[in-house]
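The values are calculated or read from the model by the stated rules, or taken from the named source; none is laboratory data. It should be emphasised that the depicted structure is a prediction, and the values quoted were computed from it without experimental measurement. No Cβ is skipped: glycine too gets one built from the backbone with ideal geometry, and neighbour counts run over all protein chains shown. Side chains included, ligands, DNA and RNA excluded: accessible areas come from the protein's heavy atoms. Shrake-Rupley method; radii C 1.70, N 1.55, O 1.52, S 1.80 Å.
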Amino acid sequence: MNFSIAHPKCLYALLLLIPYVIYMISRYARILKTLGREKALNKNFSVLTRYRSSFLIRTFLRVLAWVMIVGAMSGISWGTSFVPVQKSGHAVSMVFDISYSMEAEDGPDGMTRREAAATYAKMLLEKMGNTSVSVVLAKGDGVVAVPQTEDREAVLSILDALSPRLMTSKGTSLGKGIEAAIDAFPPQSSQASCIWVFTDGEETDSSLPNALMSAVKFGIPVVMIGFGTDREITVLAGDMETEIKTALRADNILDAIETLKKKTLTQNGSRLMPELSFVDSSEVGSANKVLSSLRKNADGKEVSMGTQFDDEATVVYELQSVDRHNLFILLAIMFIILSFIVGELNLSMYRSSIKKAKAAAAAASLVFLFTGCSPHTVHDGIKILEGRMDWNRENYQDAVGNFLTVEENAKDRGDTSIQQYALYGLATTYLMQNENDFAKKRYEEISPDAADMVRFSVLYNMGILAHRNGDYKGAVDYFKQALLVKSSDVNAKINLELSLREYESHSGSRSQDANQANQDTDSSSVMENAMYSIIRENEQNQWKNQQQKPEGSALDY
């Protein structure tokens, strides 16, 4: 079920129901007293009965509405779903099993499994381009030996020193090694993460399934690389006296992976979970299979490795709890509307027929309002609102996820209107993250036929980007086009003037130097230049004062 509450302190707001109920009880008593006198005068014995049922139902519905509002504020969630997250670049954490079972000499050319794992890792490092790497040692515990770095020498030095004697803890815990690898990735990292585990599959605490589930929740693919043979061999334990039988336990690894896949698919009904795989290092082409975990994009297709690939933006899917605040908000609105409708319908028996008609018309209009939009449009509108709220809170990663989800959904069903708003939100979020190239690319995808508000904002922000990049002529053109869409915008006018001055200043700098070289040295010319400098300084001060105003900022988007 994965039930959780993000902000449990908000539940204290339910205590406000106590004074509300007390107030409603006192009000109920006063109205009953009034209706009692009216009943005695008018001989209408049904008024009191009608009011009781109407009052109680209305009060109960409003209490439920407040409970729903508190539930929305507290961030109640249950269930899980895969959420798209934008990533740029790649990072790998290499987890090395250095238990004594890895000392078995059944590797290639008589090498131990540990030596074969180190050699295999060195070969992979040569093909990884600019990918950052960390090294984790797993024995009875997991320890980060080398944090995330692009320094290959640091990684190679620890590979040459791998030994069971580097850690004193007993046993083998692959799960703790994977957990340490997850922690080795910086929080809120912009790089797509991946974990490679070099092991023979022997473990003593059966922690591998839980660790793999943790990796799935963070959207991190895990590749288990097996060393050794399935033929058991005898090695000495840590006390150098006890003999133990060890072999490559590929079946145990595969069973853990398959069980987790079935469990995840059963809970979510989705195939967007990150890849979990096992590769036997002795197989031909096994290194290419391992490297393919870095070459796959969000669609599962492989792309070429290289520097350009390392900088490309990719989408990974993280397993997150489903926030139900939208459901609680809708229920709260429904209960509030029902409380008014119920009150109108019950009390209308002794009111005029005009009020009956008004209540029926209000109910009909509400039905039309809530059925006029398709469920997909309403859902996407809510996701755009969530992205906007995340943007305001500077939680840009979640904002990108929300806008990206809406853009993909709208594109799939051909809803160009919603898609334009999602593209604009995505581009503006990139702009706030200083991802100027990605922002420009998304702005260019927005159709010229989009709504005027979207077209104006796109042209305005493209002017901001051009100004940032020193393209003052381009900035002038963009701000002019923006004013053709919305001629009353003051910020666009101010930024247009500032860009014009920057453009004229840079384009006229050479001619100004030439004129200064040929200046006349007589006293009258010196006086004219002095007066011109004073006037120019006053103009610059005036423009500086305008630039210092918040509404006139050149980067006000």
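Taking the stretch 457-471 on its own, how many of its residues are modelled with pLDDT under 85, in contact with a helix residue (DSSP H, G or I) (Cβ under 6 Å, 6 or more places away or on another chain) and open to solvent by 20 Å² or more (accessible area, probe 1.4 Å)? Total meeting the criteria: 1.
Okay, residues lined up against (1) modelled with pLDDT under 80; (2) under 56 Å from the mean Cα position of the chain (by Cα); (3) among the polar types (S, T, N, Q):
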| site | (1), (2), (3) |
| --- | --- |
| Ile18 | no, yes, no |
| Asn44 | yes, no, yes |
| Ser54 | yes, yes, yes |
| Trp66 | no, yes, no |
| Val70 | no, yes, no |
| Met73 | no, yes, no |
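If the condition is being within 11 Å of Asp97 (Cα to Cα) and either part of a helix (DSSP H, G or I) or within 34 Å of the chain's Cα centre (by Cα) (or both), then the stretch 161-175 contributes Pro164, Ser173, Leu174, Gly175.
Scanning the stretch 137-160 for residues that are assigned to a helix (DSSP H, G or I), out of contact with any helix residue (DSSP H, G or I) (no Cβ under 7 Å at 6 or more places or on another chain) and of a type outside the set (D, E, K, R) yields Ala154, Ser157, Ile158. Tell me yes or no: at least one residue of the stretch 139-151 is open to solvent by less than 20 Å² (accessible area, probe 1.4 Å), of a type in the set (S, T, N, Q), in contact with a strand residue (DSSP E or B) (Cβ under 6 Å, 6 or more places away or on another chain) and more than 30 Å from Val406 (Cβ to Cβ). No - not one qualifying residue is present in the stretch 139-151.
Between Asp230, Asp183, Asp205, the distinction of being free of Cβ contacts under 8 Å to residues at least 24 places away in the same chain and open to solvent by 10 Å² or more (accessible area, probe 1.4 Å) belongs to Asp230 only.
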